[in-house]
Structure formats: C-alpha cells, structure tokens
Amino acid sequence: MESLNAIFSPGSVAVVGASTTPGKVGHDIFANILKGQFTGILYPVNPRARSILSVRAYPSLTDIPDDVDLAILILPPEQSLKAVTEAAEKGVKGIVIVSAGFREVGKGGLEIENRIVSICREAKIRLVGPNCLGVINPRANVSLNASFSNRMPKPGNISFISQSGALCTAVLDFAAEKDFGFSKFISIGNKADVDELDLLNYLHNDLDTEVIMIYLEELRRGPEFIEQVKKITSGDRPTPILVIKSGTTSAGAQAAASHTGSLAGSEAVYDAIFQQAGIIRVSTINELFDFAGVFAYRNESSLGKYRKKIPMGNRVAIVTNAGGPGIVATDMTLNSGLRLAQLQKETVETLASHLPSTANLHNPVDIIGDASKERYENALAAVIRDEGVDGALVILTPQSMTNALGTAEAVAKIAKRTHKPILCCFMGIFDVSKGVQYLQENGIPVFRFPEDTAKAFGALYRYSNWLNRQHLAQFTLEHDRERAAAIIADCLAKGKTRIGELEGNEILKCYGFKVLTTRLAVDEDKAVSLAEEIGFPVVMKISSPQILHKSDANGVKVGLKNIDEVKAAFREILKNAAAYDANAVIDGVIVQAFAPPGDEVILGVSRYPIFGPLLMFGFGGIFVEVLRDVAFRLAPIQRNESRRMVRSIKSFKLLEGFRGKPRSDITAIEKDVVRLSDLSINHPEIKEMDINPLRVHGDGEGTTVADCRMVLTALD
Ligand code: ADP
Ligand code: MG
C-alpha cells in the first residue's frame, strides 16, 4: 500500500527516454512535468543529450547522483528491461512504463513484460503499465503531471483510474469544461503489476479521495475483487466507486446447454461483480461525471470532519418555478426508483404562508414563474425540514423575474444546514450561468436537465440502500458433500457428462433440496408399477441425453391419473421423441411424483474461467428466455447476498403476493440459492446446471425441484 506513494507522491522523478524533440512522447512527458511545476526534483535520462529543456541530462539511471523515487520509462521493450534492472540497482521505489509493445503485441512482448514484473517484485518496486498514459497528482504539495496531457487538472477529491490511455485525455478535456477537480489520475495500461484492485485499496485510504471513477475493460480477479471492494464501498468511511465498463472480454462462457448458460454471458459476470462489490455502474462518460459530482457532495461539520450527503430514503421533494419541468422531474423521479414525498400538514401550512395563492403547495411544489430568491429560500427551507422528505430537487427556469445567482446563494445557505442532499437543475445556459457557477464553487450538484438530476439522485439512493443493507445471521445448512462427489465421480467414470433428473435429483438431495421421487421405466409395465408405487397422479418425461428441453419434444405429460393414462403416455412420449430426433438415444421414460403447485422460478450455474461459478436466479418455468427476468451473482454467496439477489428481479413483487395471490416462501428460495452456491463451489466438475422449474410454495411450505439438468466435465 505504502509503496504506491512513490508513484503518486514521489520526492524525485527520473524520465528515462526523455527526448529533445518536441512532439515525441519522451519530450512531452518531461515537458509536462516541468511545466506542471512538480514540487520534487526532476532528472532527464538520455545518453545522447547534455540537457533537455535546459535541465542537465544523465546517460543512465545509475549515473544520477541522488536517490530516485519514481522512474518513468519511455523506451522500447528491450531497453525498458535494461532500465528496470538499473532501477532495481539504484533503489528506485516505483516505475511507470508508458511505452507499448508488450503483452498486447504477443508472446515476445509478454515474455519481456513478465521478466520486468519479476525483477520489480524481487526489488519490491511497484510498476504501473506498460502501455499507459501516466500518472497525475494535481495536489499543490506534489503537483505532478507525468502524462501525455499538457493539461494539469484542478485539484479536487475525485480520483480516476483508467484502463484506456486514450480515454484519459478525453476525460481531462471534459473535466476542464465541467470545472472538475481530481485527487489522483492514473492510467493502468496492461496492469502488469499494479491493477485496479491495488489502486482501489490505496485510494480508499487516501484522505484526499472521496469518490473513485474507473474505466474498465476487463478484470483478472473475481471473488477476491468482490471481497476487498465490498469493504471499500461500505464500512466506517465508505468510498463510492463508479465504473464505466466497455470492451469485449475473454471471459465468455462456453457453448451453452442450459438456460443459465444462454442467459448469462460476460456482461452478466461483470454486473454480478459490481452488484456484489457495491460498485455503481454507469453507461456514459456524462453520467460518470454527473454521479461523481453528487457522490463527492458533502458537508463540513463543526468538527472539521466531512459527511457525505447520502439520503436516508427515496422520498424526494421538488421545488420548481415552472410546471412543465416539474412534471418531467416527477416522471423521472419515479423512473429512477424514487418517490414523491408526501408533505406534512405543517409544511403545507408554512408553504401557504410564503407562497402566492396560485402556487401548488403539494409536491411537486410549484412556486410560479415570477418566483424570487426569497420564495425559493422559504419553500426549500420548509420542505427540507419535513421529516417525510429525504432530499430535494430544485428546478429553476430562467424567466424575467428569476434571480439565478440569488437563488443559488439561497440554496447553498440551506444546503449547509442540512445533511439531506439538495440537487439543482438550472435550465438554460447564459441566463443561469452565474448561478450555476456559484453552485459549482460551493460543491452543490447542478444539472441542466431534470432527467439527469433525478437519475443522479436515484444513484445516491441506491448507494444508500447498499450502505444500509441488512446483515442477517447466516443459514445453517447441512450437506452430504461426499455422497454428492461420489455420484458425480460415478457419472464421469461411465462417461456420462449430461445428466438429468435421475442422478441430478440425487445430487441435489445431498445439499438439502427437496426433490420428487423419480424413477426410470424402460417398458410400459414398469411404468405402471412405478406409478402405482409413487401414487397417482404422476408425471412422465422422456429420458435421453440428446433431448435437452423435454417439452420441445413433447416429452412431458403431467397429471396422469390412472393406469390407462400412464400406458398411453408411455407410448406417446416414445413416439414423440422418435419424431423429434430419430437418432436420439432413449434411456426410457421417467415416472415422477406430481409436484405441489407454486410459482415457478429458475436457479442455475454457469462456470467461467478466472471467475468461477456464476449463479442465476430468475422468474422461470418454460418462459424464462422470454421474460429474461434474472439476476446473477458470483459464488460463493451467503444469506444476505442471496437475499439481495432474490429481491432484485422485477417479478419479486409477484413472489411477495399480489392482488390476492398469497406470498410465496421467499426464505426457502434464499436458502436454495445458498445451497446452490455451496454445491457449485464444492464440485467444480459441474460446468453448467439448471433447476427449472423450482416450484415455490406458500410461505413456510418450502420449494420443490420439478426439473434439473447438469453438464459435468472431468477435471485433470
Ligand atoms: P423441460 O425439459 O421441458 O424443461 P420439465 O421437466 O421442466 O421439462 O417439464 C416441463 C414443465 O412441466 C415444467 O416447467 C413444470 O411446469 C411441469 N412439471 C414438470 N415436472 C412436474 C412435476 N413433477 N409435477 C408437476 N409439474 C411438473
Ligand atoms: Mg424444465
């Protein structure tokens, strides 16, 4: 951790490969550090130059007479390797390799990169890059701009980590336009040594960083990332993390033989990781900045400590001087997961005493087009004091009487006195610019459109849900892991990699799932005797390794009430199977007990390289692919994450009971998801699996597995 100080706050920097030719990277980075008024000592290294920009140059790192904390390398791979060896000799503490030509160009490059990493590890040097844009620390006590960008951003309390160098420059331009300040700014390139997780940990402990923004293309750690980042985004001093993720990834699942496999995909993995780690995902750079602004929003308390303005709930009050934008804001508020606060009687009375008779005293509070700054101040003060209000949106449209600056001052005054967030939407550009500037200078989030304002508030609210999430005692579940392992080993020994309900149910039973009696009949008489043994009504299904979706082959008959129906079903199922796929190997027909009624949900697993098993839960049955109402998590998870997962699907309301439909056994689903997580972690041979449907009965009555399928692979 400490070791990253050499990268962000070095006392001395050497630029190895500094150049006398303007326009070359080696020249420009050196010039940017110089121009940026770095507070430490700067050394150019170049064997063929006496000086660079009037600064005495040294032929090599080892020729520099003093200590060097940070070496910035702008050299081709072979020469970088040599410079790293010298850096180790010299006792350099941090290295940034800007140049490309390593891992990203192929095997030769990767080899050199790996050698560099091992030298650095040995010498305890932290390495950023290669193939990156560099590092910026705008704080006055360091003032380091070791980057391609000739623009040193303003100091602020937002840090930015980028996997793409090119994006960094765009973000810096954007930041300049928005008057945004940064604490630390870093491009991580190939992540040969320092990766986003190291940086997140470092920045979390950095007192100058309030919010972290990341641009990410891929992760190379899964469960470990979740485990550590969860602590960063929660805890006593949580640091909100905003991510924008793009790019294709190599994490893609293999050919899918299950619903879970076909519904998952690398994006599902990333969504799961972000959800579990408490990271807020945004979709555009604009949103990244909008959200960063509101997450950096804070009050200074009398003790000199800062407190973030995170709402305690989702009840928003809107104060506007125009009806139309008020309506837009109301709609967007609802779309962003927020509610319009119901104002208390006293609040309405206070509003009535300050506002003209044409005003709307109920939320959204319309203080009318001719609203003065006093009217804004009185109305906002009244609603923000209301206990039923968790935060406010102030909307201002420029009209002839509008005093944008005065209103901004009034908002700032009230904002200082409350912990509730107040977000502003000052519409228009020229007429409101003085007010906007005042708000920005005072750290109050201000937007141009009501929809962006509401979205940003929605993000704050989601983060408050994360911070205040429940921590219930874990379930105590008992598993017969050995027996499950033995069944799996037995299947694999027989070369059976696609297994259905016969073996699948046995495995699930070991983990405490409630399964139905399921037996195989190879002829009609056996089907009848099994049905009599199980008890009518029964269900019959085709059993064939080639027929994945039995209903597609008309291979499922439910509710068979007597011997004749069983006999007819047996013949029909075989006939349908032959018609569906003449080459399918038919094991026989399954006879199964009839499942009690209930909601049909799906549970599944799809295993990914690096990340491990991805769990899926969703509203299921045969329509799962149509509804696509599913949620994902990386295993392992326990009760609390399972609970959040189950609650995150759109149809959760149906499970809770809806319009006379009684509540389903939600706790039983949560338990089953944890069972599934344990199963997938304990048995890496399970490559994919579906339980579809899992029937969920009424509250307290549990669940029943009514179909399952697994794909196994032998491990080497
Ligand atoms: P498929 O291979 O097509 O997914 P399933 O075994 O899931 O076949 O059966 C299709 C549907 O039949 C299920 O979604 C469920 O609604 C119903 N079903 C399956 N088994 C039973 C059972 N034992 N009791 C009651 N209904 C069942
Ligand atoms: Mg099914």
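The values are calculated or read from the model by the stated rules, or taken from the named source; none is laboratory data. Bear in mind that the values here come from a model prediction, so they are computed numbers and not experimental data. Cβ: placed from backbone, ideal geometry, glycine included. Neighbour counts: every protein chain shown. The protein model used for the area step is the full one, side chains on, heavy atoms only, and it has no ligands, DNA or RNA in it. Shrake-Rupley method; radii C 1.70, N 1.55, O 1.52, S 1.80 Å.
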**Prompt:** Residues of the stretch 392-409 being closer than 23 Å to Val328 by Cβ and among the hydrophobic types (A, V, I, L, M, F, W, C), which ones?
**Reply:** Ala392, Leu393, Val394, Ile395, Leu396, Met401, Ala404, Ala408
**Asked** Any chance the stretch 501-513 includes a residue that's more than 16 Å from ligand 1 (Cβ to nearest atom), assigned to a loop (DSSP other than H, G, I, E, B) and within 21 Å of Pro596 (Cα to Cα)?
**Response** yes
**Of all residues in the stretch 549-561 being open to solvent by 50 Å² or more (accessible area, probe 1.4 Å) and in a loop (DSSP other than H, G, I, E, B), the one that is farthest from ligand 2 (Cβ to nearest atom)** = Lys561
**Message:** Checking Asp564 against (1) more than 16 Å from ligand 2 (Cβ to nearest atom); (2) assigned to a loop (DSSP other than H, G, I, E, B), only one condition comes out false. Which one?
**Reply:** (2)
**Item:** Residues of the stretch 190-205 classified as touching a residue at least 60 places away in the same chain (Cβ under 8 Å) and either open to solvent by 10 Å² or more (accessible area, probe 1.4 Å) or in a helix (DSSP H, G or I) (or both), total
**Value:** 8
**Asked** Any idea which of (1) open to solvent by less than 40 Å² (accessible area, probe 1.4 Å); (2) closer than 13 Å to Ile686 by Cα is the one Gly512 doesn't satisfy?
**Response** (2)
**Item:** Candidate set: the stretch 673-715, residues that are part of a helix (DSSP H, G or I) and closer than 14 Å to Leu603 by Cα; chosen: the one nearest to ligand 2 (Cβ to nearest atom)
**Value:** Leu676
**Request:** Starting from the stretch 601-625, take each residue that is among the acidic types (Asp, Glu) and list its partners that are modelled with pLDDT under 95, counting only C-beta distances under 9 angstrom and pairs at least six apart or across chains.
**Result:** Glu625/His259; Glu625/Ser262; Glu625/Leu263
**Complete:** By residue number, the members of the stretch 534-548 that are within 16 Å of ligand 2 (Cβ to nearest atom) and either of a type in the set (A, V, I, L, M) or surrounded by 15 or more Cβ atoms within 10 Å (Cβ to Cβ) (or both) are Val539, Met540, Lys541, Ile542, Ser543, Ser544, Ile547, Leu548
**Item:** Residue in the stretch 138-162 that is nearest to the chain's Cα centre (by Cα), counting only those that are within 17 Å of Val96 (Cα to Cα) and modelled with pLDDT under 95
**Value:** Ser162
**Request:** Can you tell me which residue among Ala170, Ala166 is open to solvent by 10 Å² or more (accessible area, probe 1.4 Å), out of contact with any helix residue (DSSP H, G or I) (no Cβ under 9 Å at 6 or more places or on another chain) and hydrophobic (A, V, I, L, M, F, W, C)?
**Result:** Ala166
**Message:** For the condition open to solvent by 10 Å² or more (accessible area, probe 1.4 Å) and either away from ligand 2 (no atom under 16 Å from the Cβ) or within 17 Å of Val705 (Cβ to Cβ) (or both), what is the one hit in Phe652, Phe611, Phe617?
**Reply:** Phe652
**Item:** Matching option when the condition is more than 16 Å from ligand 1 (Cβ to nearest atom) and either at pLDDT 95 or above or among the small types (Gly, Ala, Ser) (or both), among Asp678, Asp707
**Value:** Asp678
